[in-house]
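Engineer: Below: one structure in structure tokens.
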């Protein structure tokens with residue numbers, strides 16, 4: 001008996017249907033991302049730190065250096081006032 005071909009289409013996660021118009025290469029991309037995050041996550045620190053972490057990963061000299069910077073950013077958030085307020 002012949003098996004039927006898998007015709008399922010993989011689902012794609014869509015974060016936004018609005019295009020992010022960017023000029024200025026990678027620096028322009030990260031500034032545009034920060035501007036968008038500032039508008040959508042007013043007053044929240046973590047979303048901006050996520051952009052910082054991705055930027056650090058892109059610009060890092062090695063994977064290990066990028067991971068180290070991400071850990072530093074996480075530590076800043078974990079010790080910060082918003083984290084403490086959520087724990088009370």
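The values are calculated or read from the model by the stated rules, or taken from the named source; none is laboratory data. Everything numeric here is computed off the predicted structure, so don't read it as measured data. Using ideal geometry, Cβ is built from the backbone for each residue, glycine included, and neighbour counts are taken over all protein chains shown.
Engineer: Considering each residue of region 40-88, count those that are within 13 Å of the chain's Cα centre (by Cα) and farther than 21 Å from residue 29 by Cα, and give that number.
Structural biologist: Result for region 40-88: 1.
Engineer: State whether one or more residues within region 24-33 are more than 17 Å from the chain's Cα centre (by Cα), part of a helix (DSSP H, G or I) and modelled with pLDDT of 80 or more.
Structural biologist: Yes, region 24-33 has at least one match.
Quick grid of which residues meet (1) surrounded by 10 or more Cβ atoms within 10 Å (Cβ to Cβ); (2) in contact with a strand residue (DSSP E or B) (Cβ under 9 Å, 6 or more places away or on another chain); (3) at pLDDT 85 or above:
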| position | (1), (2), (3) |
| --- | --- |
| 10 | no, no, no |
| 18 | no, no, no |
| 38 | yes, no, yes |
| 52 | yes, no, yes |
| 55 | yes, no, yes |
| 61 | no, no, yes |
| 70 | yes, no, yes |
| 75 | yes, no, yes |
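Engineer: Let me ask something additional. Restricting attention to region 60-88, which residues are outside any helix (DSSP H, G or I) and farther than 12 Å from residue 46 by Cβ?
Structural biologist: 60, 61, 62, 79, 87, 88
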